Amino acid sequence: MTFPQDLDGARVAVVGLGTSGRAALEVLGTTGAQLSGHDAAESALDAARESGEVPAGAVLRAAA
């Protein structure tokens, strides 16, 4: 999967931090975008934090 490289500075949100959401954050982390990840399950947020797949600087938040 590839993303355009012109996302530098763009704000990008990923909703759902399961396997696919974490992978999307990892790939998007190479584009220079400002990333946030959201999930309703606290366990998914914890798993994302522990996975090592979430780029430094990405903000993870609980979604209602």
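Relative to the longest principal axis of the Cα atoms of the chain, the long axis of helix 19-28 lies at roughly 30 degrees. Between Ala33 and Gly9, the built amide H atoms are under 5 Å apart, and every one of these is 5 or more places off in sequence or on another chain. Against the chain, whose longest principal axis comes from its Cα atoms, helix 42-51 is set at around 50 degrees. Three principal axis extents of the chain based on alpha-carbon atoms, in descending order, are 32, 20, 18 Å. Helical content alone sets the calculated 222 nm signal of the chain at -9000 deg cm²/dmol, taking -39,500 (n - 2.57) per DSSP H segment of four or more residues and averaging over every residue.
All of the numbers you see were taken from the coordinates with simple rules; none came from a lab. Owing to the predicted nature of the structure, the values given are computational and were not obtained by experimental measurement.
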